[in-house]
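Notes to accompany the following structure.
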4 protein chains.
Amino acid sequence: MASKGLAIIAGVGPGTGASIARRFAKLYSVVLLSRTPSNFEPLVQEINSSGGQAIGISTDVSDANSVKSAFDEIEKQFPDSPLAASIFNPGGGFVRKPFLELTDEDYSKALDSQAKGAFYFAQRALPLLLKAKDSSPHPPTLIFTGATASIKGSAQFAAFASGKFALRALAQSLAREFGPQGIHVSHAIIDGIIDIPRTKQWVLPHEDAKLSPDSIADSYWYLHTQPRTTFAFELDLRPYIEKW
Amino acid sequence: MASKGLAIIAGVGPGTGASIARRFAKLYSVVLLSRTPSNFEPLVQEINSSGGQAIGISTDVSDANSVKSAFDEIEKQFPDSPLAASIFNPGGGFVRKPFLELTDEDYSKALDSQAKGAFYFAQRALPLLLKAKDSSPHPPTLIFTGATASIKGSAQFAAFASGKFALRALAQSLAREFGPQGIHVSHAIIDGIIDIPRTKQWVLPHEDAKLSPDSIADSYWYLHTQPRTTFAFELDLRPYIEKW
Amino acid sequence: MASKGLAIIAGVGPGTGASIARRFAKLYSVVLLSRTPSNFEPLVQEINSSGGQAIGISTDVSDANSVKSAFDEIEKQFPDSPLAASIFNPGGGFVRKPFLELTDEDYSKALDSQAKGAFYFAQRALPLLLKAKDSSPHPPTLIFTGATASIKGSAQFAAFASGKFALRALAQSLAREFGPQGIHVSHAIIDGIIDIPRTKQWVLPHEDAKLSPDSIADSYWYLHTQPRTTFAFELDLRPYIEKW
Amino acid sequence: MASKGLAIIAGVGPGTGASIARRFAKLYSVVLLSRTPSNFEPLVQEINSSGGQAIGISTDVSDANSVKSAFDEIEKQFPDSPLAASIFNPGGGFVRKPFLELTDEDYSKALDSQAKGAFYFAQRALPLLLKAKDSSPHPPTLIFTGATASIKGSAQFAAFASGKFALRALAQSLAREFGPQGIHVSHAIIDGIIDIPRTKQWVLPHEDAKLSPDSIADSYWYLHTQPRTTFAFELDLRPYIEKW
């Protein structure tokens, strides 16, 4: 089973990351990266006990050494598995504050979690994706998760928007450099509230007004399966009721 | 079989429109609109003889009366079929010329084919889509086909880009007005050369360098099947090798 | 005085157009185009009686023949004046309505006033601007007036946004084609309520919350005076208090 | 003379920064920040000897403490001068390399020079700008210098584009938060080669094909003098011959 394709998902909590992991685990072995093991442990167990293959590695994506260790471990555990998909779905760095109340740490954290984390992740994932070009069942894929703040710097979002804009710049640059090498680089703009445990309490006037994480995962899977004649770079996903 | 869902595709030639028709005919009855009957006749026969259901109606989308007649005919022939999907995939109005050589007719034709055509089409399709909300297997969908010229007004593309920008404006406005009513309005930016009979002769240095019409159709189908928690408005599709 | 530079302003009512005319009349002879003579007559008199030179020509910019007649008249009256600036500042086509209540005429009128009008205007202005390259005191300039609806298709703005998007496409295409020939083509996005007689009644909670037409005119003048090493294509102008 | 208005320019080399300093020194005392004193020393002398008032402070904008010291020094030296304009015109972090050859340091440096530097600078400048609201001759202004890489992540520009996108996010967020408080926040996209000593050797086929730094400075000055009814947020400046 070692030569089954591999998917790496960075940023796995109870929301989108978990849904993505479940979706990609239908075809691939999955590696889940999260700082907190409790974020991936139940999911690893769930996937493994239902016929899939999953491992979790405690990783701080904003720390170059931690990302390095994670990928070293991945290459050791899956030496023959072509990397079919790698998904950067970071949760860190969100902060909403009047600008003059932002601390240096707030601002750095947003850049570190989003932009630097993506940089470290992509630098280790891309060589593996390139190597998988002929063995991956679908074009090797690198997807970044964006947000409304990826394209609009709203008041009080200076830190988070800086991180998300930077992440989008990185995604564009990688799509333009690695697309012609057969790697599918995409950026998904998640515009709205995701329906996860933390947001259950927010009661909205309409049903289905929050993004379903499983449906986000379906969209990521769809991006992954696109042939190279027809790569989508960017996709904006929002609930039907969302103002934009 | 009258209550099978219905899909209407405006702009059916030998390329994308035909692939979209074949794709949507797997689940729906399809109505093909094109000015020239020879554009849809073989396809209608192909779909009908392989277990699907298709009709073609000779229609000039840039003519309000012609669109009116087509929809009157559709409602007569499919009185009980919920309109699940309507796709505006117009071919007309393309022209590339130094600005001072453009004729009034060149410019008008681009606006008429793209913007006015879409307006007439949407005004007739939307009431049917709204009526189909509870009976369509997927959220009733209205997709517009865009191009590179939808987001960039290049030199010598004044006419075509004006039409395509206007079409995108219309799509955005409809998405914002009818999304909250449960209609999925999308705009696909097709960025590159489509692999159709007319472009076969253009030999490119890389394989798979032209967009596959079948794969474009798959993307349209994917958009159609998205649940309303996770509507994508815009999708850019291009060959991996395309510069952008 | 025949060889004084010339400025043509299309779309002169009591607001921005009048301010632009006054501003450009400080250096140039000005030609004011408007459908209704009462829109330009007092202004023509005002400019002429205060040392400037102005004429008005009743023109429907959405009518090719009317634009043709106006330019024929301009060339007859100012045979030796280099065309230094031409400004397309159309007022027509605004409509805000639920999409299904829009008439064909509403939609056509928006396209005709904005896009076709600009097309007719640019086709006659550009040859004169090109001819003025060496005699105009500043790079010959063609400025188009945009609006919020130039970059966002809001609900109920399908018609107006289609016209304004199309106008922006035209402006981009002309900037890319004629910029390298030394013509400065610009597009100004006016984002907010302009402080004109018609909007005086709208009382806003903050002072200075409406755009000053004189200040818009100053920005147009500034664009006009930029040297060709540093052309601005696009400028967004909004009151400090405006949400965007 | 202590109550003369003040302008602070961060990023002063032999190019745009120097031109901006000279332009703003016509009305204001100017403070020039640059890591290398030799970057500002001749300019300080030039301005002071020609009737203006200038000081230079050696500052590393990517270092929070260095920015802190600089502003402490400014407040000490100009306790009564209203801060009329602050301009962030950073030079650091440019790098063009295949992505897999970028070092962690390359990437961090781009973010630090552009995004974090701007953050530190804005956090110290904004309280002074707010305080100057009633005493500054023009609305207190904060301008950020962008580049092509601010809106397009090109291949091999992952690091620089990340920094420039982040900077633009910051600028947007500050414009939306502080605009309503009367502060004019702008972002200028400099799209092309600037005509500075370092680029003199690049011979282009057309004259005037490089951006004049003095003319960029004029545009910044123009932005600064706009009244609050008509703030421009974004301006793209490019030579007439530039492809875009």
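The values are calculated or read from the model by the stated rules, or taken from the named source; none is laboratory data. Small disclaimer: the values here were computed from a predicted structure and weren't measured. Heads up, the Cβs are rebuilt from the backbone with ideal geometry, glycines too, and the neighbour counts pull from every protein chain shown. These area figures cover heavy atoms from the full protein model, side chains too; ligands, DNA and RNA do not enter into them. Shrake-Rupley method; radii C 1.70, N 1.55, O 1.52, S 1.80 Å.
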(request) Answer yes or no as to whether B:Gln123 is open to solvent by 10 Å² or more (accessible area, probe 1.4 Å), modelled with pLDDT of 95 or more and not small (Gly, Ala, Ser). (result) yes
(message) Just to be sure before I move on: is C:Asp104 of a type outside the set (Gly, Ala, Ser) and more than 19 Å from the chain's Cα centre (by Cα) in the structure I sent?
(response) yes
(request) Could you look through the stretch B:178-196, keep only residues that are outside any loop (DSSP other than H, G, I, E, B) and in contact (Cβ under 8 Å) with a residue 60 or more places away in the chain, and pick out the one that is farthest from B:Ala18 (Cα to Cα)? (result) B:Ile190
(message) Out of D:Leu111, D:Leu128, D:Leu170, I need the residue that is within 12 Å of chain A (Cβ to nearest Cβ) and surrounded by fewer than 24 Cβ atoms within 10 Å (Cβ to Cβ). Which one?
(response) D:Leu128
(message) If D:Thr229 meets every condition in (1) of a type in the set (S, T, N, Q); (2) closer than 29 Å to D:Lys109 by Cα; (3) in a helix (DSSP H, G or I) apart from one, which number is that one?
(response) (2)
(message) Looking at the stretch C:88-105 only, could you name the residues that are more than 9 Å from chain B (Cβ to nearest Cβ), surrounded by fewer than 19 Cβ atoms within 10 Å (Cβ to Cβ) and not in a loop (DSSP other than H, G, I, E, B)?
(response) C:Glu101, C:Glu105
(request) Determine, yes or no, whether A:Ala155 is of a type in the set (A, V, I, L, M) and assigned to a helix (DSSP H, G or I). (result) no
(request) Might you let me know whether the stretch D:35-47 holds any residue that is farther than 23 Å from D:Arg198 by Cα, free of Cβ contacts under 8 Å to residues at least 40 places away in the same chain and open to solvent by 30 Å² or more (accessible area, probe 1.4 Å)? (result) no
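Table: residues versus (1) outside any loop (DSSP other than H, G, I, E, B); (2) over 22 Å from D:Thr225 (Cβ atoms).
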| residue | (1), (2) |
| --- | --- |
| D:Lys4 | no, no |
| D:Gly13 | no, yes |
| D:Arg23 | yes, no |
| D:Leu33 | yes, yes |
| D:Leu43 | yes, yes |
| D:Ile47 | yes, no |
| D:Gly51 | no, no |
(request) Take the stretch A:156-167 and flag every residue that is open to solvent by 10 Å² or more (accessible area, probe 1.4 Å) and facing chain D (nearest Cβ under 8 Å). (result) A:Gln156, A:Phe157
(message) The conditions are (1) more than 14 Å from chain C (Cβ to nearest Cβ); (2) among the charged types (D, E, K, R); (3) under 24 Å from C:Glu101 (Cβ atoms), and B:Glu242 fails exactly one of them. Which is it?
(response) (3)
(request) Would you check if B:Ile151 is open to solvent by 10 Å² or more (accessible area, probe 1.4 Å), within 14 Å of chain C (Cβ to nearest Cβ) and of a type in the set (Val, Ile, Thr)? (result) yes
(request) Could you please let me know if C:Ala122 is more than 14 Å from chain B (Cβ to nearest Cβ) and closer than 28 Å to D:Ile241 by Cβ? (result) no
(message) Restricting to the stretch A:70-87, count the residues that are open to solvent by less than 70 Å² (accessible area, probe 1.4 Å), free of Cβ contacts under 8 Å to residues at least 60 places away in the same chain and not charged (D, E, K, R).
(response) 2
(request) Considering only the stretch C:184-226, state which residues are more than 19 Å from the chain's Cα centre (by Cα) and more than 9 Å from chain D (Cβ to nearest Cβ). (result) C:Thr199, C:Lys200, C:Gln201, C:Trp202, C:Val203, C:Leu204, C:Pro205, C:Glu207
(message) Taking the conditions exactly as written (of a type outside the set (D, E, K, R), in a helix (DSSP H, G or I), out of contact with any Pro (no Cβ under 9 Å at 6 or more places or on another chain) and over 29 Å from B:Ser108 (Cα atoms)), does B:Ile55 satisfy them or not?
(response) no
(message) Just checking, does the stretch A:202-220 include any residue being within 30 Å of B:Gly192 (Cα to Cα), without any contact (Cβ under 8 Å) to a residue 60 or more places away in the chain, touching a strand residue (DSSP E or B) at 6+ places or on another chain (Cβ under 8 Å) and of a type in the set (Val, Ile, Thr)?
(response) no
(request) Among the residues of the stretch D:221-244, write down those that are within 25 Å of B:Ser154 (Cα to Cα) and free of Cβ contacts under 8 Å to residues at least 40 places away in the same chain. (result) D:Tyr240, D:Ile241, D:Lys243
(request) Scan the stretch C:131-144 and give yes if some residue there is under 17 Å from the mean Cα position of the chain (by Cα), at pLDDT 95 or above and within 14 Å of chain B (Cβ to nearest Cβ), otherwise no. (result) yes
(request) For the stretch B:131-148, name all the residues that are open to solvent by less than 40 Å² (accessible area, probe 1.4 Å) and either within 13 Å of C:Ala166 (Cβ to Cβ) or part of a loop (DSSP other than H, G, I, E, B) (or both). (result) B:Ala132, B:Ser136, B:Pro139, B:Pro140
(message) Which residue is farthest from B:Arg124 (Cα to Cα), if the candidates are limited to the stretch C:58-87 and must be assigned to a loop (DSSP other than H, G, I, E, B) and of a type in the set (Ser, Thr, Tyr)?
(response) C:Ser81
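Here is a yes/no grid of residues against (1) open to solvent by less than 10 Å² (accessible area, probe 1.4 Å); (2) in a loop (DSSP other than H, G, I, E, B):
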position	(1), (2)
B:Arg198	no, no
B:Asp208	no, yes
B:Ala217	yes, no
B:Leu235	yes, no
(request) Select, from B:Ser215, B:Ser173, the only residue that is among the hydroxyl-bearing types (Ser, Thr, Tyr) and more than 15 Å from B:Phe144 (Cβ to Cβ). (result) B:Ser215
(request) Tell me which of these A:Phe178 doesn't satisfy, since it passes every other one: (1) over 15 Å from the mean Cα position of the chain (by Cα); (2) farther than 27 Å from D:Gly93 by Cα. (result) (2)
(message) What are the pairs with Cβ atoms under 6 angstrom where one residue, in the stretch A:139-152, is aromatic (Phe, Trp, Tyr) and the other, located anywhere, is buried (at least 22 other Cβ atoms within 10 Å of the Cβ)? Sequence gap at least six, or different chains.
(response) A:Phe144/A:Phe88; A:Phe144/A:Leu167; A:Phe144/A:Ala171; A:Phe144/A:His187
